Each structure stands twice: as structure tokens, then as C-alpha cells.
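For reference, the structure discussed in these notes is given below.
The values are calculated or read from the model by the stated rules, or taken from the named source; none is laboratory data. Being a predicted model, the structure only gives us computed values, none of them experimental. Don't worry about glycine lacking a Cβ; one is built from the backbone with ideal geometry, like all the others, and counts go over all protein chains shown. To get the accessible areas, we keep the full protein, side chains included, count just its heavy atoms, and leave off ligands, DNA and RNA. Shrake-Rupley method; radii C 1.70, N 1.55, O 1.52, S 1.80 Å.
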Amino acid sequence: MRSAILIFPGSNCDRDMMVAVERITGRRPALVWHKDSQLDPVDIVIIPGGFSFGDYLRCGALAARAPAMEAVIDHASRGGAVLGVCNGFQILLETGLLPGTLVRNGGLKFVCREVRLAVQETLETPFLADLSNGSELRIPVAHNEGNYFADDALLDSLEQGGQVALRYVDNEPSRAANPNGSARNIAGILSANGRVMGMMPHPERAMGNGHPSDDGRKFLTSVLEGVAR
Amino acid sequence: MSEANEMSFNDAEQMGLSFEEWQLILKRLERTPNLCELGIFSAMWSEHCSYKSSKKWLKTLPTEGEQVIQGPGENAGVVDIGDGLAAVFKIESHNHPSFIEPYQGAATGVGGILRDVFTMGARPIALLNALRFGDISHEKTKHLLSGVVAGIGGYGNCIGIPTVGGEVNFHSSYNGNILVNAMAVGLAHSDRIFYSAATGAGNPVIYVGAKTGRDGIHGATMASAEFSDETESKRPTVQVGDPFTGKLLMEACLELMAADAVLSIQDMGAAGLTSSSVEMASKGGLGMEIDLDLVPVREVAMSAYEIMLSESQERMLMVIKPEQAETARAIFEKWDLDFMPIGKVTDTERLVLLKDNEIACDIPLAPLVDDAPEYDRPYRPEELQPVLSTAQLEKDLPLADVLQRLLSSADLSSRRWIYEQYDSDVMADTITGPGGDAALVRIHNTDKGLAVSTDCTPRYVDADAFEGGKQAVCEAYRNISASGAKPLAVTNNLNFGNPEKQDIMAQIVGAVNGMGNACRTLNTPVVSGNVSLYNETDGMAIQPCPVIGMIGIIDDWKQAKGCGLINAGKAIFVVGQNGDVNDGWLGCSVYAREIAGREGGAPPSVDPILEEKNGSLIRQAIANELIEAAHDISDGGLLVALAEMVIAGQCGAKITCPDSGSLHGWAFGEDQARYIAVVSDVPAFTALCAASDVEAIQIGETISECELTLAGLPPISKEDMAAWHRKTIDDLMA
């Protein structure tokens with residue numbers, strides 16, 4: 001199981017993700033600096049959370065144009081697996097590897113809290129292979145711009161194509177369960193080939209061992225074992 | 001004022017200097033200063049930088065102990081936490097800027113305190129704060145609260161340091177002068193601490209970080225004057241923060257320190273390049289020469305005065321090993337930061353500044369630091385407030401109604417609206433985040449945990465500064481102890497009004513004496529701190545607020561306890577109280593203010609010896625795994641503490657009320673040195689209490705229903721209490 005974690009100036013969840021991946025796989029991920037245009041072969045590239053380039057211009061917009069992202073786009077175009085968490089999700093949207101956009105939270109405030117997520121029925125993807133449809137995950141979010149936005153046509157096509165991976169729920173997807181006003185309570189989506197995933201919640205912060213939940217560990221274990229198969 | 005012109009007393013007065021201070025400058029220089037020189041004197045001699053009114057009293061605080069590696073006088077205090085590691089921490093105020101421009105004022109307060117910590121070679125691992133706002137119904141409170149909270153979050157969230165705790169009060173005395181104190185805690189190797197004293201004449205002086213602009217010029221002087229109606233016109237003197245650059249600077253500095261290239265380092269905080277250059281040179285017993293034309297600037301035609309007094313953020317000054325200059329430059333280039341040699345260390349004991357190939361300043365350092373004025377300001381001892389009896393305060397109201405009003409009062413209501421805007425989980429080592437007693441942060445890759453708490457009860461300090469000063473320390477001690485951690489040391493932030501007024505000076509003296517008294521008894525020395533005076537608007541002073549930030553250590557974070565109730569069928573004890581007590585101290589309590597409509601009255605007395613005894617018992621009981629939840633009893637008394645434990649937990653509590661005496665006094669009195677403990681092994685616990693000579697009494701037990709039941713009264717559901725608790729701030733900010 002070989003993995004790589006990208007680091008941009010302003011990334012701040014890179015270490016947390018590294019610790020989480022190493023705990024699950026026993027193998028330290030390669031750390032890739034944003035100026036590197038070379039990416040050694042890996043089973044998965046993870047783009048961690050943070051405030052790459054200070055969120056200047058637009059969240060993820062500058063990072064999406066970094067040399068390392070060209071290598072990631074290349075990796076994805078060959079069917080390589082990519083997971084973007086929080087700012088990493090924003091970056092994936094800015095590169096166009098995933099459709100839609102993330103706008104300011106509906107409450108106009110940063111929000112840090114544990115949310116409940118339901119795993120959706122999706123197209124074929126290695127990420128969710130070990131998680132059953134409808135199973136619930138408790139994982140924290142922490143973001144200012146996690147409000148997923150797309151026009152109805154795109155939302156319909158994501159749903160019909162099985163590209164919605166995670167939704168905010170309170171038993172059911174409800175307004176109260178949605179921390180940021182995202183369209184149709186979407187918390188995470190997949191690319192059309194099921195090999196690229198973006199999500200707002202931080203699984204690396206729900207690893208048990210002192211964290212209130214270990215569902216993030218369950219989730220990441222599914223992802224890492226899935227892509228290694 | 002033109003740069004070259006000789007200054008007059010008028011100019012000095014405008015910069016906040018007294019006539020005596022002006023005369024002293026003339027005497028020391030043996031000539032008239034120019035604008036830049038006068039600006040440097042006024043900044044260094046400002047209350048903010050020189051502590052001239054408080055120094056006499058600060059010297060009385062205990063600062064030593066076997067755990068102390070570095071006490072006050074550096075960028076932050078350093079405490080040994082074992083295994084070759086040290087905790088580096090400090091609290092600092094950003095009160096005046098935050099009132100004028102709440103977002104940037106609060107954000108730069110966080111940025112500044114983080115720099116103080118990583119300057120010492122420590123990676124920051126936790127942020128806390130202590131905030132005071134005006135009356136919740138005051139027209140500015142909503143705007144100030146939302147701006148300050150967004151600013152604190154804006155900086156801390158972006159730089160990626162978790163904000164794990166804090167405290168907030170609301171009172172009309174802060175209507176025109178809010179308090180924003182930020183605390184940072186970092187982790188370093190105890191043999192790799194970096195200090196500010198310059199070394200080695202001839203060594204290069206390097207400027208790193210962001211460029212210098214015209215923001216925040218003379219901020220330290222603004223922070224040393226009273227407010228008036230015109231203060232908001234000072235908006236341009238508030239600095240602008242850039243947490244992204246702060247993050248890059250932090251990473252670059254820590255990388256540079258790991259490369260063993262740094263000899264001495266100082267952040268540019270209050271009074272910017274002035275205080276950093278003066279402090280580095282004077283602490284080293286050396287001099288410094290700087291060519292101001294080499295300072296990276298972002299605006300054209302900046303004068304020597306402006307460059308020296310700018311408080312632009314995210315800047316550092318350091319002396320590096322000459323042979324490591326290229327390594328250092330490469331690290332800063334990697335992080336896209338300015339790296340500029342701007343001068344050198346000299347042995348002249350003078351500060352010499354060049355600008356446009358001329359000498360813009362040439363002054364001896366000794367008077368700036370050693371001869372800085374130190375005042376023994378007169379003070380009038382306060383008249384002690386009368387003791388108010390329970391009978392004078394008790395109102396004939398049902399307990400549940402009182403509980404509802406207290407839980408929904410501004411001071412006791414849930415802070416969730418605030419702390420959900422802070423990233424409290426980043427770094428993935430937060431074990432206990434905001435909302436409980438102390439926060440607990442795991443020391444990465446170890447079993448150890450650092451417990452941290454900020455505390456002060458201004459109404460007690462206002463009523464009796466000595467008792468209030470003690471209480472701030474003791475409440476922090478209780479919060480740390482309730483988590484199971486051993487208290488180690490404190491940082492303090494003394495927020496007061498105008499020290500030139502005798503009653504204010506008496507508050508400072510009383511509170512510092514009280515803090516010293518408690519810190520000595522509890523063996524929690526003061527290792528760093530900050531003083532913020534002149535917190536007055538149009539002559540009205542704030543309620544005095546000497547904040548304590550305390551840290552403690554627990555060897556195994558898995559042993560730490562929270563305050564939420566976990567399992568039904570466990571005994572609930574009050575520790576620090578015996579069965580004879582069926583009354584309580586209501587004077588100066590939240591009950592007195594919110595229910596009886598009466599402020600003031602003597603506060604409860606505080607006995608640090610008893611605090612030490614009871615706190616040790618709680619820690620021992622946690623270490624022996626005799627209790628599964630603990631909570632200190634503070635504002636609002638026993639019943640509010642119980643309600644908080646139900647709200648935070650997964651089960652309820654059934655309590656037996658005393659059958660005689662004052663029910664309200666028993667339920668809402670604020671007698672000190674008390675805890676609620678949920679006991680899983682009653683025989684062992686009572687034996688431990690007896691052996692430790694600590695009073696404890698069982699008052700009830702936990703029950704599976706999520707409610708608070710007082711025998712003989714209808715149960716109060718957790719949902720109701722949680723709703724009362726959430727209502728006030730949620731409604732205000734909606």
C-alpha cells in the first residue's frame with residue numbers, strides 16, 4: 001500500500017492525515033511538496049485539509065495550479081485514486097477532477113462540530129467497498145466553505161449516476177443535520193469513474209484513541225484497503 | 001512634526017510622555033531627540049512595554065520552582081514537563097485594537113501570542129482565550145462579539161492550531177472597553193529553547209517575514225491611554241493580520257531552528273522593530289546597528305519613525321550564525337518569505353539607525369530599558385464590602401425557575417455558538433475541547449496530556465481584589481485538577497483601568513498580592529504574563545480582570561476525566577463540603593446579581609491551603625480510578641454545576657436537598673474549594689477522603705433518565721436545560 005500526501009503552503013492537516021494513514025497501513029505516506037512536478041507511483045494520492053495559499057483568490061484555486069497538481073491530474077487520468085478532504089475537496093473541484101463547487105457556509109460562519117453521515121449507494125468505487133449502503137459515520141467537520149453547490153441538472157445527474165458518496169443526516173437527510181447548507185445535504189462526491197473522491201468531513205480526526213469517534217478510521221481503512229486491492 | 005526637527009515637550013506629550021519623562025530623556029541624551037528617537041523612547045517607556053506602573057508589584061509574584069525553565073522576561077515562559085520536553089506558554093491582551101476593529105484586533109492578538117511561543121523554539125499546540133464584552137443588550141455587543149470570535153477563529157483556524165478553551169463574561173463595565181486576551185501553549189525540547197539576547201558583535205541581524213507597512217504605528221502607545229469618544233478614529237493604528245504568512249513564518253522559523261542556525265530571535269510585536277532591536281541588544285549587553293533602507297517595506301517613502309514604530313504583523317528579527325546564512329536564506333526562500341540582513345550586532349551598547357545614508361538615530365540603550373521609569377503609584381486601600389446574608393438575598397422562587405434563569409443568563413449560558421467557530425480538533429490531539437472545565441491536549445505520540453484553563457471572576461475582584469486575585473488562581477487550579485492533571489504553572493494577564501487613580505491602583509496591588517499568595521501555596525509559579533492598563537472609556541473603568549492561564553500535566557491522558565455523567569447508579573458526592581452545610585455564600589454570586597438584582601457584597605473567601613488539599617484529593621481519586629466524572633463548582637453554585645454535568649453527559653442525576661436551612665443558598669451559593677465527583681468506588685473514595693482529611697458528602701446518585709431530579713420536586717429534563725442553556729447567545733446572534 002503506497003500513498004502520497006500533498007503539502008501546499010498553508011496545508012495544516014497534512015501531519016494528521018499522515019499519522020492516520022500510517023496507523024492503518026503501517027507504512028508512512030510519501031510527502032509531496034507543491035513545487036514537485038514528479039509523483040512516484042502510488043495507490044492513492046491524498047490532498048489534506050488546511051488553507052492552501054491562505055484561501056486567497058478562492059479556496060483551492062491557487063493550489064489547483066501548482067506543479068504537483070499537474071502530476072495528480074496525470075495520475076487521475078490514468079485511473080489513479082485520489083482523495084481530497086476539506087481544502088483537498090475544494091482543490092479537486094478547482095482542478096475539474098470533480099464537478100460542482102463549494103461556497104461559503106449558509107450560516108456565514110466557520111463551523112467545527114461532529115456530524116452524522118450516511119454512506120450512499122454509489123457507482124462502483126474502491127473507496128466505499130467495505131462500508132454498507134446506509135451505514136452511518138460520525139466524523140467532525142471544520143470549514144468555512146463547505147456548502148456544496150451545483151445546478152439541478154448536475155445534482156440530478158450526480159444522484160442518478162451514483163456519484164453522491166456521503167450525505168449529512170439526522171437519521172434522514174434533514175436541514176438540521178446539514179452544517180453548511182450544502183445542496184441535497186451532500187458531504188462527499190465521487191468522480192464518474194469512481195476513482196476520485198472529495199469530502200468535507202475530516203476522517204483523520206475520528207480515529208478513536210482519544211477521539212470521540214473511530215468512524216473516520218473505519219472509513220479510511222475502507223479507502224486504503226479498497227485502493228490497494 | 002518633521003523628521004529632522006528637534007522635538008519639543010508638546011510632541012512628547014502627544015506621544016503619551018509626561019513632563020518628567022521628557023526631562024529625563026533630555027538629561028540622558030544630553031540633547032534634544034529627533035522624531036524617530038522620541039518615538040522610540042515613547043514606545044519603550046509606554047505602559048505596555050515598560051510595565052512602569054505594575055513592575056513594583058509584579059516583582060512580588062513567585063516565579064521560581066523546580067519545574068521552571070524560564071520565568072518572566074522572555075517572549076514566553078517555559079516549564080519542564082518531563083521526558084526532555086517543555087511547555088512554552090503565555091497570555092497577552094489585544095483589548096484596545098479589538099474594540100476599534102474587532103476582527104483584525106482579535107486576529108492579530110492570536111497571531112502575536114503564537115509568535116511569542118514559536119519564537120522560543122516551540123511548536124504551538126493549543127490556543128485559548130479570555131474575553132469580556134459589555135452588557136448583552138448593549139447595542140455594540142453583538143457586533144463586537146461576532147467580530148472578535150470570527151477574528152480569533154480566522155487566525156487560529158487558518159494557521160492550524162486548535163482553539164481548545166476559553167472563557168467569556170458580559171458586564172456593562174465593558175460596554176466601551178472589551179477585553180480580548182489570547183493564550184498560546186507550545187511544545188519544545190527542553191534543551192532546545194531559543195532566547196532573545198543578542199550574541200557576538202559583528203554577527204548579522206536578519207529581518208524575516210512580512211514586509212513593513214504603515215499599519216499599527218504607535219499601537220503600544222495607543223494601548224497605554226484611556227479611551228474616549230474619538231478613539232474609533234484610531235482605526236488606522238490597528239494592525240492587519242495575515243494568518244497565511246503567519247503559518248509560513250512559523251514553519252520557516254521552526255525549520256531554521258532545527259537546522260541550528262539561530263543564535264537569538266525575537267518577534268516584532270508591540271512597538272515592532274523598536275522593541276525587538278532594543279530588547280535583543282540590551283539583553284545581550286551589546287549594541288545594534290541597522291540600515292533602515294534595507295528593511296523590506298511595502299509602501300514608498302516610509303520615514304525612519306514609521307519603519308521603527310510600525311506594528312505590521314508576521315515579522316521576526318534574529319541573529320544567526322554567520323556561516324549558516326545561506327542555509328537560512330534557502331529555508332526562507334522555500335517558504336516564499338523575505339529574508340534580509342539589515343544590520344549587525346555591535347559592542348557599543350547603542351542603537352544606531354541609518355536612513356538615506358544619514359544617522360537617523362543614535363541613542364544609548366541603557367536609558368531605554370534600565371532607566372525606564374518605574375512608578376510607585378499611590379493607592380487607596382479599598383473599603384471592604386459588607387457581607388450579605390442569605391436572608392438579604394434569597395427570593396421566594398421555585399428552584400427550577402431560578403435554575404432556568406441562571407442557565408440562560410449571559411454569563412452562564414452555553415458558549416457553543418462561540419466555540420463552534422473555532423477549529424478545536426486540528427492537530428488531532430484534542431482529547432477534551434471547549435465546553436468543559438480544563439481543555440486537555442495530548443502530547444503528540446506520547447501518553448501524556450497537557451491540561452489548560454483560563455479563569456477570572458471580575459465581580460469578585462471588583463468587590464475584594466485580594467480575594468478575587470486568589471480566586472482566579474484557585475478556580476484555574478480546580479479546573480485543571482478536575483481533569484486529573486497536576487497543576488504546574490501560570491501565565492497572567494492583568495486587565496485594569498487607569499493606574500494613576502488610587503482606587504484602580506489599589507485593585508492592582510490587591511489582586512497581584514492575592515495571586516501571589518495563591519500561586520505560592522499551590523506551587524504554580526508565574527512564568528509569563530502581560531499587563532493591560534488604562535482600560536477606561538470616558539473615565540469609567542472596567543471591572544478589574546486579572547486573568548490566569550494555567551497549565552497542568554497528566555501522565556496518561558486515558559485516565560483524564562470529563563464533567564459529563566456517564567453511567568447510572570453511581571454516587572454523586574460534593575467534595576469540600578460537609579453534612580452540616582445547608583446554607584451557602586450568596587453574596588457577590590451570579591444568583592445575587594441575576595435573581596436578587598444586587599451586585600457587590602463580600603465575595604466568598606478563598607483558602608488556597610484548602611484548595612490544595614481538596615484538589616490533591618480529586619487528582620488522587622482520579623489516578624486511583626475511584627471516580628468517573630468530576631466538575632468544579634464555581635459560578636452559579638452546586639445546582640448549575642449539576643445541570644452542566646447532565647447537559648454534557650448521557651444520563652441524569654437524582655439529588656436529595658437538605659431539609660433545613662436555605663435551599664437557595666445550598667443550591668446556588670458559591671463557596672470555594674468544592675467539586676462534584678461521580679464516585680464508582682464509594683468505600684475506597686470515602687476512605688481516601690478520611691485519610692486525606694477532606695470533607696465530602698454524598699448528595700445523590702446518577703440515574704438512567706436524562707434529567708435532573710431534586711427529591712420532592714418535578715424532574716427537569718436535559719432537553720429543557722440544554723435549551724435554556726443555548727437560548728441567550730443563540731438568540732442574540734441569530
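Which of the peptides B:49-62, B:463-476, B:536-549 is most tightly packed, and how do the rest follow, judged by the mean count of other Cβ atoms within 10 Å per residue? All intermediate terms of the calculation are to be shown ahead of the outcome.
On the way: B:49-62: 19.6, B:463-476: 27.9, B:536-549: 23.4.
Averaged packing, sorted descending, gives the order B:463-476, B:536-549, B:49-62.
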(message) Please compute, for peptide B:150-160, the average count of beta-carbon atoms on other protein chains lying within 10 Å of each residue's beta-carbon.
(response) 4
(message) How many angstrom lie between the Cα centre of region A:150-228 and the Cα centre of region B:376-432?
(response) 39
(message) To test your reading of the geometry: what angle, between 0 and 90 degrees and rounded to tens, separates the Cα axis of helix B:502-522 from the longest principal axis of chain B?
(response) 70
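What net charge is computed for the residues neighbouring B:Glu279, neighbours being all others with C-beta under 11 Å from the C-beta of B:Glu279, Lys and Arg scored +1, Asp and Glu -1?
Overall, the nearby charge balance is -1.
What does the charge add up to near B:Glu21, with Lys and Arg as +1, Asp and Glu as -1, over the other residues with Cβ less than 13 Å from its Cβ? It would help to have the intermediate numbers written out before the result.
On the way: positive: B:Lys27, B:Arg28, B:Lys52; negative: B:Asp11, B:Glu13, B:Glu20, B:Glu47, B:Asp371, B:Glu374.
Result for the neighbourhood of B:Glu21: -3.
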(request) Please get the size of the charge dipole for region A:1-94, origin at its Cα centre, with Cβ charges of +1 on Lys and Arg and -1 on Asp and Glu, quoted in debye to the nearest 20. (result) 120
(request) Report the one residue of B:Gly166, B:Val369, B:His94 whose Cα lies farthest in the direction of the positive end of the charge dipole of chain B (charges on C-beta: Lys and Arg +1, Asp and Glu -1; origin at the Cα centre). (result) B:Gly166
(request) May I ask you to evaluate 6.51 cos²θ - 1.76 cosθ + 1.60, the Karplus curve with θ = phi - 60°, for each residue of region B:6-19 and list the ³J(HN,Hα) values in order in whole Hz, giving x for glycine and proline? (result) 6, 8, 10, 4, 4, 5, 4, 5, 4, 8, x, 8, 7, 5
(message) For chain A, set up a GNM with springs between Cα atoms under 10 Å and report which of A:Arg113, A:Arg184, A:Arg58 has the largest fluctuation.
(response) A:Arg113
(request) Just add up the charged neighbours of B:Ala482: K/R +1, D/E -1, any other residue whose Cβ is under 13 Å from the Cβ of B:Ala482. (result) -2
(request) Determine which lysines satisfy two conditions relative to A:Lys35: a Cα distance under 22 Å, and not lying fewer than 8 residues away in the same chain. (result) B:Lys247, B:Lys334
(message) Give me the inter-chain shielding for A:5-13: mean count of other chain Cβ atoms within 10 Å, whole number please.
(response) 4
(message) 5 Å is the cut-off here: which amide hydrogens, built 1.01 Å from N in the peptide plane, fall below it relative to B:Ser264, excluding neighbours closer than 5 in sequence?
(response) B:Val319
(message) Rounded to the nearest 20 debye, what is the charge dipole size of chain B about its Cα centre when +1 sits on each Lys and Arg Cβ and -1 on each Asp and Glu Cβ?
(response) 700
(message) Can you tell me the orientation of helix B:682-692 relative to chain B, as the angle in degrees between its alpha-carbon axis and the longest Cα principal axis, to the nearest 10?
(response) 60
(request) For region B:484-492, just list the computed ³J(HN,Hα) in residue order, Karplus coefficients 6.51, -1.76 and 1.60, θ = phi - 60°, integers in Hz, with x standing in for Gly and Pro. (result) x, 8, 8, x, 10, 6, 10, 10, 9
(request) Of the options B:Leu254, B:Ala476, A:Val164, report the single residue whose Cα projects farthest towards the positive end of the charge dipole of the protein assembly as shown (beta-carbon charges: Lys, Arg +1; Asp, Glu -1). (result) A:Val164
(request) Taking only Cα atoms and a 10 Å spring cutoff, compute GNM fluctuations for chain A and point out the largest among A:Ile91, A:Ile44, A:Ile73. (result) A:Ile73
(request) Would you mind telling me the share, in percent, of accessible area of region A:3-228 contributed by carbon and sulfur at probe 1.4 angstrom? (result) 46
(request) Only Lys, Arg, Asp and Glu count, each charged at its Cβ (+1, +1, -1, -1), so figure out the dipole size of the protein assembly as shown about its Cα centre, rounded to 20 debye. (result) 1580
(request) For each pair in B:Lys55/B:Lys344; B:Lys90/B:Lys561; B:Lys90/B:Lys283, compute the distance between the two Cα atoms and list the pairs where it is over 23 Å. (result) B:Lys55/B:Lys344; B:Lys90/B:Lys561
(message) With unit charges on the beta carbons (Lys and Arg positive, Asp and Glu negative) and the dipole taken about the Cα centre of chain B, which residue among B:Gly700, B:Asn624, B:Ser717 sits farthest to the positive side?
(response) B:Asn624
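Quick check on the protein assembly as shown: of the DSSP beta bridges with both residues there, what percent are antiparallel, nearest 5%?
Values: 118 of 156 bridges.
Approximately 75 percent, going by the DSSP bridge assignments.
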(message) Can you give me the long-range amide H partners of B:Asn129? Hydrogens built in the peptide plane at 1.01 Å from N, cutoff under 5 Å, separation of 5 or more residues or another chain.
(response) B:Gly165, B:Gly166, B:Glu167, B:Met183
(message) Please compute, for peptide A:134-146, the average count of beta-carbon atoms on other protein chains lying within 10 Å of each residue's beta-carbon.
(response) 2
(request) Just grab the label-to-label distance for B:Ala684 and B:Ser660, each label 7 Å out from Cα along the Cβ direction, in nm (one decimal). (result) 3.7
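To the nearest 100 Å², how much accessible surface do chains B and A hide from each other in total, with a 1.4 Å probe? Don't skip to the answer; put the middle values down first.
Numbers: alone 25050 and 9840 Å², together 32670 Å².
Counting both chains, the buried surface is close to 2200 Å².
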